[in-house]
Every structure is written in C-alpha cells, then in structure tokens.
1. Once neighbouring chains are kept in place and the probe is 1.4 Å, which whole percent of the accessible area of the chain is contributed by carbon and sulfur?
2. Given the -39500 (n - 2.57) contribution per DSSP H run of 4+ residues, what per-residue ellipticity at 222 nm results for the chain, rounded to the nearest 500 deg cm²/dmol?
3. Quickly work out the I104-to-Y41 label distance, labels modelled 7 Å from Cα along the C-beta direction, and quote it in nm with one decimal.
4. For region 19-126, which trypsin sites (Lys or Arg not before Pro) are both in a DSSP coil and crowded by at most 10 other Cβ atoms within 10 Å?
5. Mind checking which of I20, I80, I62 has the largest fluctuation in a GNM of the chain, springs on alpha carbons under 10 Å?
6. What accessible area per residue, rounded to a whole number of Å², is obtained for the chain using a probe radius of 1.4 Å?
7. Stokes-Einstein at 10 °C, 1.306 mPa s, Kirkwood radius from Cα pairs: D for region 59-111 in µm² s⁻¹?
8. Give a quick list of chymotrypsin sites (Phe, Trp or Tyr not before Pro) in region 20-118 that DSSP marks as loop, anything other than H, G, I, E or B, with at most 14 other Cβ atoms within 10 Å.
Amino acid sequence: MSSFEKTLSAINAMRDEGVIEDYAVAGAMAVLFWAEPIPTYDLDVLVFLPQTSGAIVSLGAIYEWAARHGHPTEKEHVTIEGIPVQFLPAHNELADEAIRTAVIKQYRSISVKVVRPEYLAFKLTS
C-alpha cells in the first residue's frame, strides 16, 4: 500500500472513529482524481467537525487523534505516512456544499471522498 493510500485510509479511520463527521479531499490533490496531476506540497481536506458547545472551532480532536496514532504535527499540518495533511473546517456555504456533494472515487484500494471538479475552480481552502 502506498503512502498516499495509507494517508487516505487514516482519514477514513478518523471519520469512522467520529473525530471528523465527514470530509472531502480538496485543493491540488483533488485534481489528481479529475485531470493530470500537478505538483503540490500538502493534502487539503475539508471537514465537518462534530458539534461542540460554543462558537470557537477547535481542531484539538484531530491533533489528539494524530498523537494517539503516532502522526507528528508541525504548525497546521498533520504528517500522515510522510504526507503533510491540512484539515480545513468547512467555513462557508460553498465549502459545506463541496463536502455534501463530494464524489466517492477510488485511489488504488481506497475509497475516498473528493470534491467535484467544479468546486476546484473556487478557492475553498482559505
């Protein structure tokens, strides 16, 4: 299994364990599923986080999960199988819609949710 497969498998495990409610791969890595690959530094993952009380968004559960599973963090990235992953909470209606309408694609042996190509034309990740 490749590093990218293992990374995607770990993200699916985070969803299955309830650390994140849902996700969709976005950014340059999502292009991999729709067109010719382009170079990129990291894997952007749009996420719905479980509801918590209060208005402040916390990625604490993601960083705690990473620590329990031996994945180091550096600044905003969790390094999973050598791949820097940036988890981006859905922050507007477009990002919400991108996750809800994401398509399940195959990357080798792993099923992965990927934003549809029309959402890649917009900057969803900032």
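1. Details: 3600 of 6860 Å².
Reported share for carbon and sulfur atoms: 53 percent.
2. -8500 deg cm²/dmol
3. Taking the simple label geometry, Y41 and I104 are separated by 3.4 nm.
4. Working: sites: R68, K75, R100, K105, R108, K113, K123; in loops: K75, R108, K123.
Hits after loop and neighbour filter: K75, R108, K123.
5. Judging by the Gaussian network model, the answer is I62.
6. 54 Å²
7. On the way: Rh = 13.0 Å.
This corresponds to a translational diffusion coefficient of 122 µm²/s.
8. Numbers: sites: Y23, F33, W34, Y41, F48, Y63, W65, F87, Y107; in loops: F33, W34, Y41.
In loop regions of region 20-118 (DSSP not H, G, I, E or B), the sparsely surrounded chymotrypsin sites (Phe, Trp or Tyr not before Pro) are W34, Y41.
The values are calculated or read from the model by the stated rules, or taken from the named source; none is laboratory data. All values reported here derive from a predicted model rather than from experimental measurement. All Cβ positions, even for glycine, are placed from backbone atoms using ideal geometry, and neighbour counts span all protein chains on display. When the accessible area is computed, the model is the full protein with side chains, heavy atoms only, and any ligands, DNA or RNA have been set aside. Shrake-Rupley method; radii C 1.70, N 1.55, O 1.52, S 1.80 Å.
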